[in-house]
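Visitor: This is the structure I have questions about; it appears just below.
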Amino acid sequence: MPYGIDINPLDNSVWYGKLLGNKIGVVHRRTLEVVEYSTPYTGPRRMRLGPDGLMYVASGTTTMNMLPGAVRTGRVLRFDSTAAHPVPHTFARGLGMPNGMAFGADRALYVADGALGVLRIRPNGSVDRAWSAQTASAIAPFTNGLIDAGITAHANDLHVTFIARRTGRARCSPPRVCARSVHPAPGNRKKEP
């Protein structure tokens with residue numbers, strides 16, 4: 001099952017993760033040829049081209065990562081999408097269920113993690129635990145929604161969506177936090193209309 005796509009603007013190729021097949025794939029725009037590559041990592045899903053020109057893949061989609069006290073096997077992979085045979089390597093590990101990903105203006109990768117909330121991953125692959133903890137009370141899984149799913153960056157805002165949510169609205173997280181929620185997140189205590 002193809003899941004999550006992104007386009008490499010260098011050659012307009014369309015990349016996707018194959019969630020149930022443990023593969024990443026590409027559709028070459030000029031020829032429409034489809035090529036898939038096996039990966040030793042489970043459940044590759046969302047793809048995102050990084051500011052460094054590498055392709056990033058959320059991987060480790062398993063309900064086992066959602067269990068309290070479970071060993072977190074989720075990770076973000078990255079690879080050179082211009083290589084003749086791309087080989088994904090681990091960029092960040094110890095994640096729960098990484099879903100959506102977006103790069104911020106600060107070049108950090110923000111991950112909507114279904115088990116851990118919104119995570120900020122520095123350009124060196126380390127998780128910024130202090131920043132990520134700011135979102136725990138307002139954008140944590142099971143608090144205001146069921147699972148953090150999608151995320152996009154615009155200017156200094158991160159817009160986060162949930163698979164299921166009581167209010168049905170998208171949320172934001174730091175640096176500026178949207179407060180369209182039951183519990184305002186850190187950094188923005190005013191209700192927006």
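Visitor: Around residue 1, under 10 Å between beta carbons, what's the net of Lys plus Arg minus Asp minus Glu among the other residues? Display every interim value, and only then the final one.
Guide: Details: positive: 18, 45; negative: none.
Once positives and negatives cancel, what remains is +2.
Visitor: Checking the a/c ratio against 1.5 first, then a/b against b/c, what shape does the Cα gyration tensor give for segment 48-90? Could you put the intermediate results ahead of the total?
Guide: Working: a/c = 3.94, a/b = 2.72, b/c = 1.45.
Cα axes put segment 48-90 in the prolate bin.
Visitor: Rounded to the nearest 0.05, what FRET efficiency do residue 87 and residue 67 have when you use their Cβ-Cβ distance and R0 = 25 Å?
Guide: Values: r = 31 Å, r/R0 = 1.22.
Efficiency computed from Cβ-Cβ geometry: 0.25.
Visitor: Once you list every other residue whose beta carbon is under 13 Å from the beta carbon of residue 20, what net charge do they have if Lys and Arg are +1 and Asp and Glu are -1? Before the final figure, lay out the partial values.
Guide: On the way: positive: 18, 23, 45; negative: 36.
Net charge in that neighbourhood comes out at +2.
Visitor: Sticking with this structure for a sec: With a Förster radius of 35 Å, plug the Cβ-Cβ distance of residue 154 and residue 20 into 1/(1 + (r/R0)^6) and report the FRET value to the nearest 0.05.
Guide: Values: r = 31 Å, r/R0 = 0.90.
Working from the Cβ atoms, E equals 0.65.
Visitor: Shifting gears a bit: Which FRET efficiency value, to the nearest 0.05, do you get for residue 130 and residue 28 by plugging their Cβ-Cβ distance into 1/(1 + (r/R0)^6) with R0 = 35 Å?
Guide: Values: r = 42 Å, r/R0 = 1.20.
E between residue 130 and residue 28, to the nearest 0.05, is 0.25.
Every number here is computed from the coordinates shown, using simple stated rules; none is lab data. A quick note: this is a predicted structure, and the numbers were derived from the prediction, not measured. We place every Cβ from the backbone using ideal geometry, glycine too, and count neighbours over all the protein chains shown.
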